[in-house]
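Report on the structure given below.
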Amino acid sequence: MGKYIIAGNWKMNKLPSETYDYVKAVAAATAGSNCEVVCCTPYVCLANAVEAAKGTHVKIGAENLHFEDKGAFTGEVSADMLKDIGVDYVIIGHSERREYNNETDETVNLKTKKALEKGLIPIVCVGESLEQREAGITMDLIAIQIKKAFAGISAEDAKKVVIAYEPIWAIGTGKTATAEQAEEVCGGIRKIIGELYCPKCAEDFTIQYGGSMNDQNAAELLAKPNIDGGLIGGASLVADKFAAITKAC
Ligand code: 13P
(Lines give C-alpha, C1' and ligand atoms only; values in the text may rest on other atoms or scores of the structure.)
Protein backbone atom coordinates (compact mmCIF):
# COMPACT_ATOMS: atom_id res chain seq x y z
CA MET A 1 0.00 0.00 0.00
CA GLY A 2 1.06 3.65 0.25
CA LYS A 3 4.19 5.05 1.79
CA TYR A 4 3.98 5.31 5.59
CA ILE A 5 3.70 8.90 6.77
CA ILE A 6 3.43 9.96 10.40
CA ALA A 7 2.53 13.64 10.63
CA GLY A 8 2.16 15.74 13.74
CA ASN A 9 -0.52 18.41 13.72
CA TRP A 10 0.52 20.86 16.41
CA LYS A 11 -2.74 22.82 16.03
CA MET A 12 -2.50 26.07 18.08
CA ASN A 13 0.27 24.80 20.35
CA LYS A 14 3.96 25.67 20.84
CA LEU A 15 5.60 29.05 20.42
CA PRO A 16 7.90 30.12 17.60
CA SER A 17 10.68 30.37 20.21
CA GLU A 18 10.15 26.71 21.21
CA THR A 19 9.99 25.40 17.67
CA TYR A 20 13.64 25.09 16.64
CA ASP A 21 14.64 22.99 19.65
CA TYR A 22 11.50 20.91 19.50
CA VAL A 23 11.91 20.00 15.81
CA LYS A 24 15.55 19.11 16.53
CA ALA A 25 14.32 16.88 19.36
CA VAL A 26 11.82 15.21 17.01
CA ALA A 27 14.57 14.65 14.45
CA ALA A 28 16.81 13.02 17.05
CA ALA A 29 14.05 10.90 18.60
CA THR A 30 12.70 9.67 15.24
CA ALA A 31 16.08 8.83 13.68
CA GLY A 32 15.94 5.42 12.00
CA SER A 33 12.13 5.39 11.72
CA ASN A 34 10.76 3.43 8.82
CA CYS A 35 8.41 6.19 7.65
CA GLU A 36 8.22 9.79 6.53
CA VAL A 37 8.15 12.07 9.58
CA VAL A 38 6.32 15.40 9.25
CA CYS A 39 5.71 18.25 11.69
CA CYS A 40 2.80 20.51 10.74
CA THR A 41 3.06 23.73 12.68
CA PRO A 42 1.28 27.07 13.05
CA TYR A 43 2.26 29.59 10.35
CA VAL A 44 4.42 31.65 12.69
CA CYS A 45 6.48 28.58 13.67
CA LEU A 46 7.14 27.40 10.12
CA ALA A 47 10.34 29.33 9.37
CA ASN A 48 12.01 28.09 12.56
CA ALA A 49 10.73 24.57 11.92
CA VAL A 50 12.16 24.54 8.39
CA GLU A 51 15.49 25.82 9.69
CA ALA A 52 15.64 23.09 12.34
CA ALA A 53 14.65 20.37 9.87
CA LYS A 54 17.43 21.28 7.40
CA GLY A 55 19.82 18.37 6.96
CA THR A 56 17.49 15.98 8.83
CA HIS A 57 14.85 13.50 7.61
CA VAL A 58 12.00 15.59 9.10
CA LYS A 59 9.65 17.38 6.69
CA ILE A 60 7.62 20.45 7.63
CA GLY A 61 3.98 21.15 6.87
CA ALA A 62 1.51 23.99 7.36
CA GLU A 63 -1.94 23.54 8.89
CA ASN A 64 -3.79 25.48 6.19
CA LEU A 65 -3.32 27.67 3.10
CA HIS A 66 -5.42 29.99 0.94
CA PHE A 67 -6.53 28.87 -2.50
CA GLU A 68 -5.81 32.17 -4.25
CA ASP A 69 -2.30 33.06 -5.46
CA LYS A 70 -2.16 36.55 -3.96
CA GLY A 71 -4.14 39.70 -3.34
CA ALA A 72 -6.45 41.36 -0.86
CA PHE A 73 -6.99 38.47 1.57
CA THR A 74 -6.05 39.93 4.93
CA GLY A 75 -4.58 37.39 7.30
CA GLU A 76 -4.23 34.64 4.70
CA VAL A 77 -1.16 32.72 3.53
CA SER A 78 -0.61 31.46 -0.03
CA ALA A 79 0.96 28.27 -1.37
CA ASP A 80 3.78 30.35 -2.89
CA MET A 81 4.60 31.79 0.53
CA LEU A 82 4.77 28.31 2.05
CA LYS A 83 6.95 27.01 -0.79
CA ASP A 84 9.18 30.05 -0.53
CA ILE A 85 10.20 29.21 3.04
CA GLY A 86 10.70 25.51 2.32
CA VAL A 87 7.44 23.92 3.49
CA ASP A 88 6.63 20.52 1.90
CA TYR A 89 3.21 19.51 3.25
CA VAL A 90 -0.08 21.24 4.03
CA ILE A 91 -3.09 19.98 5.97
CA ILE A 92 -6.35 20.78 4.19
CA GLY A 93 -9.92 20.53 5.48
CA HIS A 94 -9.23 19.56 9.08
CA SER A 95 -12.55 19.11 10.88
CA GLU A 96 -11.66 21.98 13.23
CA ARG A 97 -11.34 24.30 10.25
CA ARG A 98 -14.54 22.91 8.75
CA GLU A 99 -16.29 23.64 12.06
CA TYR A 100 -14.79 26.99 13.09
CA ASN A 101 -13.54 28.55 9.82
CA ASN A 102 -16.21 27.82 7.25
CA GLU A 103 -14.09 25.27 5.39
CA THR A 104 -16.31 23.41 2.93
CA ASP A 105 -15.83 20.53 0.50
CA GLU A 106 -15.57 23.22 -2.20
CA THR A 107 -12.76 25.16 -0.49
CA VAL A 108 -11.03 21.86 0.28
CA ASN A 109 -11.08 21.09 -3.44
CA LEU A 110 -9.74 24.56 -4.39
CA LYS A 111 -6.99 24.34 -1.77
CA THR A 112 -6.03 20.81 -2.78
CA LYS A 113 -5.71 21.86 -6.42
CA LYS A 114 -3.67 24.92 -5.47
CA ALA A 115 -1.33 22.90 -3.26
CA LEU A 116 -0.75 20.39 -6.07
CA GLU A 117 -0.20 23.15 -8.64
CA LYS A 118 2.48 24.68 -6.42
CA GLY A 119 4.20 21.43 -5.47
CA LEU A 120 2.98 21.12 -1.88
CA ILE A 121 1.78 17.70 -0.67
CA PRO A 122 -1.81 18.05 0.57
CA ILE A 123 -2.99 16.04 3.58
CA VAL A 124 -6.74 16.10 2.99
CA CYS A 125 -8.84 15.39 6.08
CA VAL A 126 -12.20 13.64 6.03
CA GLY A 127 -14.32 12.19 8.79
CA GLU A 128 -17.74 11.84 10.32
CA SER A 129 -19.32 13.21 13.50
CA LEU A 130 -20.72 10.91 16.18
CA GLU A 131 -24.28 11.68 15.04
CA GLN A 132 -23.39 10.75 11.46
CA ARG A 133 -21.76 7.50 12.61
CA GLU A 134 -24.75 6.61 14.76
CA ALA A 135 -27.07 7.39 11.83
CA GLY A 136 -25.14 4.81 9.77
CA ILE A 137 -24.08 7.31 7.08
CA THR A 138 -20.32 7.33 7.69
CA MET A 139 -19.26 5.87 4.33
CA ASP A 140 -21.83 7.89 2.36
CA LEU A 141 -20.58 11.10 3.91
CA ILE A 142 -16.93 10.21 3.38
CA ALA A 143 -17.62 9.26 -0.25
CA ILE A 144 -19.04 12.76 -0.80
CA GLN A 145 -16.10 14.42 0.98
CA ILE A 146 -13.60 12.45 -1.12
CA LYS A 147 -15.36 12.92 -4.46
CA LYS A 148 -15.68 16.67 -3.91
CA ALA A 149 -12.09 17.02 -2.67
CA PHE A 150 -10.75 15.26 -5.78
CA ALA A 151 -13.07 16.91 -8.35
CA GLY A 152 -11.07 17.93 -11.41
CA ILE A 153 -7.81 16.36 -10.20
CA SER A 154 -5.98 14.01 -12.59
CA ALA A 155 -4.93 10.51 -11.53
CA GLU A 156 -1.29 11.54 -11.72
CA ASP A 157 -1.84 14.47 -9.34
CA ALA A 158 -4.24 12.57 -7.12
CA LYS A 159 -1.52 10.05 -6.24
CA LYS A 160 0.45 12.83 -4.55
CA VAL A 161 -2.40 13.51 -2.11
CA VAL A 162 -2.37 12.03 1.39
CA ILE A 163 -5.82 11.32 2.84
CA ALA A 164 -6.34 11.49 6.60
CA TYR A 165 -9.39 9.73 8.01
CA GLU A 166 -10.20 11.51 11.25
CA PRO A 167 -13.48 10.60 12.92
CA ILE A 168 -14.49 13.84 14.65
CA TRP A 169 -15.64 11.97 17.77
CA ALA A 170 -12.13 10.57 18.24
CA ILE A 171 -10.23 13.87 18.02
CA GLY A 172 -8.82 15.08 21.30
CA THR A 173 -11.28 12.91 23.20
CA GLY A 174 -9.02 10.02 24.14
CA LYS A 175 -11.64 7.86 22.38
CA THR A 176 -9.78 6.17 19.53
CA ALA A 177 -11.66 4.38 16.81
CA THR A 178 -10.98 0.69 17.20
CA ALA A 179 -8.46 -0.63 14.72
CA GLU A 180 -11.34 -2.46 13.02
CA GLN A 181 -13.46 0.71 12.71
CA ALA A 182 -10.50 2.68 11.35
CA GLU A 183 -9.56 -0.10 8.93
CA GLU A 184 -13.12 -0.40 7.67
CA VAL A 185 -13.29 3.28 6.74
CA CYS A 186 -9.72 3.50 5.40
CA GLY A 187 -10.42 0.42 3.25
CA GLY A 188 -13.64 2.09 2.09
CA ILE A 189 -11.70 5.22 1.16
CA ARG A 190 -9.26 3.14 -0.88
CA LYS A 191 -12.19 1.56 -2.70
CA ILE A 192 -13.68 4.99 -3.51
CA ILE A 193 -10.30 6.15 -4.84
CA GLY A 194 -10.13 2.96 -6.90
CA GLU A 195 -13.49 3.75 -8.43
CA LEU A 196 -12.61 7.41 -9.05
CA TYR A 197 -9.25 6.59 -10.63
CA CYS A 198 -8.13 2.96 -10.88
CA PRO A 199 -7.66 0.14 -8.35
CA LYS A 200 -3.89 0.17 -8.95
CA CYS A 201 -3.66 3.93 -8.26
CA ALA A 202 -5.60 3.37 -5.04
CA GLU A 203 -2.91 0.98 -3.79
CA ASP A 204 -0.31 3.74 -4.03
CA PHE A 205 -2.30 6.15 -1.87
CA THR A 206 -1.21 6.93 1.66
CA ILE A 207 -4.27 6.85 3.91
CA GLN A 208 -3.68 7.98 7.48
CA TYR A 209 -5.79 7.51 10.57
CA GLY A 210 -6.09 10.39 13.05
CA GLY A 211 -7.92 10.75 16.35
CA SER A 212 -6.34 10.09 19.75
CA MET A 213 -3.58 8.03 18.14
CA ASN A 214 -0.75 7.59 20.60
CA ASP A 215 2.23 5.47 21.55
CA GLN A 216 -0.08 2.86 23.12
CA ASN A 217 -2.49 2.23 20.24
CA ALA A 218 -0.38 3.12 17.16
CA ALA A 219 1.02 -0.37 16.53
CA GLU A 220 -2.42 -1.99 16.38
CA LEU A 221 -3.80 0.70 14.09
CA LEU A 222 -0.76 0.74 11.81
CA ALA A 223 -0.80 -3.06 11.49
CA LYS A 224 -4.03 -2.80 9.49
CA PRO A 225 -3.50 -3.16 5.74
CA ASN A 226 -5.30 0.05 4.77
CA ILE A 227 -3.79 2.34 7.43
CA ASP A 228 -0.57 3.83 6.08
CA GLY A 229 0.22 6.31 8.80
CA GLY A 230 -1.21 8.75 11.26
CA LEU A 231 -2.11 12.39 11.72
CA ILE A 232 -1.29 13.01 15.35
CA GLY A 233 -2.52 15.89 17.50
CA GLY A 234 -1.84 15.77 21.23
CA ALA A 235 0.77 13.01 21.08
CA SER A 236 2.83 14.98 18.55
CA LEU A 237 3.63 17.60 21.20
CA VAL A 238 5.97 15.33 23.18
CA ALA A 239 8.94 14.20 21.11
CA ASP A 240 9.33 10.75 22.71
CA LYS A 241 5.65 9.91 22.40
CA PHE A 242 5.62 11.07 18.78
CA ALA A 243 8.76 9.08 18.07
CA ALA A 244 7.21 5.94 19.54
CA ILE A 245 4.41 6.25 16.99
CA THR A 246 6.91 6.58 14.13
CA LYS A 247 8.72 3.48 15.40
CA ALA A 248 5.42 1.53 15.28
CA CYS A 249 5.49 1.77 11.46
P1 13P B 1 -5.60 14.14 18.63
O2 13P B 1 -4.48 13.19 18.27
O3 13P B 1 -5.22 15.14 19.67
O4 13P B 1 -6.87 13.41 18.91
O5 13P B 1 -5.87 15.01 17.31
C6 13P B 1 -6.03 14.37 16.11
C7 13P B 1 -6.05 15.39 15.03
O8 13P B 1 -6.99 16.16 14.93
C9 13P B 1 -4.91 15.46 14.14
O10 13P B 1 -5.16 16.28 13.05
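Structure summary
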quantity	calculated
Test: residue in the stretch 104-114 that is assigned to a helix (DSSP H, G or I), free of Cβ contacts under 8 Å to residues at least 40 places away in the same chain and of a type in the set (Asp, Glu)	no
Candidate set: the stretch 124-145, residues that are touching a residue at least 40 places away in the same chain (Cβ under 8 Å) and not β-branched (Val, Ile, Thr); chosen: the one farthest from Lys160 (Cα to Cα)	Ser129
Extreme residue, farthest from Gly230 (Cα to Cα), among residues of the stretch 167-196 that are more than 16 Å from the ligand (Cβ to nearest atom) and charged (D, E, K, R)	Glu195
Top-ranked residue of the stretch 113-141 - restricted to ones that are open to solvent by less than 30 Å² (accessible area, probe 1.4 Å) and within 16 Å of the ligand (Cβ to nearest atom), ranked as farthest from Ala182 (Cα to Cα)	Pro122
Given (1) over 15 Å from Ala244 (Cα atoms); (2) within 16 Å of the ligand (Cβ to nearest atom), index of the condition Ala7 fails	(1)
Residue satisfying condition, being among the basic types (Lys, Arg) and either touching a Cys at 6+ places or on another chain (Cβ under 7 Å) or within 24 Å of Leu221 (Cβ to Cβ) (or both), within set Lys200, Lys148, Lys159	Lys159
Failed item, numbered, when Val90 is tested on (1) open to solvent by less than 10 Å² (accessible area, probe 1.4 Å); (2) more than 16 Å from the ligand (Cβ to nearest atom); (3) within 18 Å of the chain's Cα centre (by Cα); (4) not basic (Lys, Arg)	(2)
Lone qualifier among Ile146, Ile153 - being open to solvent by less than 40 Å² (accessible area, probe 1.4 Å), among the hydrophobic types (A, V, I, L, M, F, W, C) and under 15 Å from the mean Cα position of the chain (by Cα)	Ile146
Unique residue being in contact with a helix residue (DSSP H, G or I) (Cβ under 8 Å, 6 or more places away or on another chain), within 16 Å of the ligand (Cβ to nearest atom) and either modelled with pLDDT of 95 or more or more than 25 Å from Thr19 (Cβ to Cβ) (or both) when the list is Ala62, Ala79	Ala62
Scan of the stretch 228-249 for residues that are within 10 Å of the ligand (Cβ to nearest atom), assigned to a loop (DSSP other than H, G, I, E, B) and surrounded by 19 or more Cβ atoms within 10 Å (Cβ to Cβ), ordered by number	Gly233
Filtered residues of the stretch 156-166 (kept if open to solvent by 40 Å² or more (accessible area, probe 1.4 Å) and either within 16 Å of the ligand (Cβ to nearest atom) or in contact with a strand residue (DSSP E or B) (Cβ under 7 Å, 6 or more places away or on another chain) (or both))	Lys160
Complete set of residues in the stretch 207-227 that are in a loop (DSSP other than H, G, I, E, B), surrounded by fewer than 24 Cβ atoms within 10 Å (Cβ to Cβ) and more than 9 Å from the ligand (Cβ to nearest atom)	Asp215, Gln216, Asn217, Ala223, Lys224, Pro225, Asn226
Residue match in the stretch 132-146 (condition: polar (S, T, N, Q), within 14 Å of Met213 (Cα to Cα) and either part of a helix (DSSP H, G or I) or modelled with pLDDT under 95 (or both))	no
Some residue of the stretch 32-41 being at pLDDT below 95, in a loop (DSSP other than H, G, I, E, B) and open to solvent by less than 70 Å² (accessible area, probe 1.4 Å)	yes
Selection count, the stretch 1-22, where residues are under 25 Å from Tyr165 (Cα atoms) and over 15 Å from the mean Cα position of the chain (by Cα)	4
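The values are calculated or read from the model by the stated rules, or taken from the named source; none is laboratory data. Predicted model only: the values in this text are computed from it and were never measured. Because the Cβ atoms are built from the backbone with ideal geometry, glycine has one as well, and the counts that use them run over all protein chains shown. Calculation scope for accessible area: heavy atoms of the full protein, side chains included, ligands and nucleic acids excluded. Shrake-Rupley method; radii C 1.70, N 1.55, O 1.52, S 1.80 Å.
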